[in-house]
Amino acid sequence: MSVTVIKLVRQKLESEGFTGLFYSGECACECADLAPCGNAEKSANGFINGCKPGYKHFDPRPEHAKFGDFAIWEQQEAPTAEQWNTFSYD
């Protein structure tokens, strides 16, 4: 994994106001810990692994809030209760 690629992607995310990356239905990572999977292949979109930029939101559901669980969402505003109810960490 290229430390340089991770550094450049982190700078790009932060300069554009994003707080992480996500690959819908698969995984997500925050800027402080990009590519914990160990894979950092540069994508055509300027990020890595085909991931999209997004915003970190803490899961308000009681069974997740107590652990500080979070997800990276495409939307900047907090997800609704209905959106969280359709979200799974599986």
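The values are calculated or read from the model by the stated rules, or taken from the named source; none is laboratory data. Values in this document were obtained by computation on a predicted structure and should not be read as measured data. With ideal geometry, Cβ positions are generated from the backbone for all residues, glycine too; neighbour counts draw on all protein chains shown. SASA here: full protein model, heavy atoms, side chains in, ligands and nucleic acids out. Shrake-Rupley method; radii C 1.70, N 1.55, O 1.52, S 1.80 Å.
Each peptide in 55-61, 10-16 was scored by the mean count of other Cβ atoms within 10 Å over its residues; highest first, the order is 55-61, 10-16. The lysines whose alpha-carbon is closer than 24 Å to the alpha-carbon of LYS66, local same-chain residues fewer than 8 away aside, are LYS56. In the chain, helices alone account for a calculated mean residue ellipticity at 222 nm of -6500 deg cm²/dmol, with every DSSP H run of four or more residues adding -39,500 (n - 2.57). In this structure, the amide hydrogen of ILE48, modeled 1.01 Å from its nitrogen in the peptide plane, lies closer than 5 angstrom to those of SER43, counting only residues at least 5 positions away or on a different chain. Ordering GLY20, GLN83, HIS57 by the projection of their Cα atoms onto the charge dipole of the chain, which places +1 on the Cβ of Lys and Arg and -1 on the Cβ of Asp and Glu, puts GLY20 at the extreme positive end. If a/c stays under 1.5 just call it rounded; otherwise compare a/b with b/c (prolate if a/b is bigger, oblate if not). Do that for segment 3-45, with a ≥ b ≥ c from the square roots of the Cα gyration tensor eigenvalues. Judged from the Cα gyration tensor, segment 3-45 comes out rounded (a/c under 1.5). Straight-line cross-link partners of LYS52 among the aspartates and glutamates, defined as a Cα under 20 Å from its Cα and at least 8 positions apart when in the same chain: GLU14, GLU16, GLU26, GLU30, ASP33, GLU41, ASP69, GLU74, GLU77, ASP90. Of LEU8, LEU21, the order by accessible heavy-atom surface (1.4 Å probe, DNA, RNA and ligands excluded), from most exposed downward, is LEU8, LEU21.
Expressed as a whole percent, the accessible area of the chain that falls on carbon and sulfur atoms is 52 (1.4 Å probe).
In a DSSP loop and with at most 14 other Cβ atoms within 10 Å, the GluC sites (Glu not before Pro) in segment 48-77 are GLU74, GLU77.
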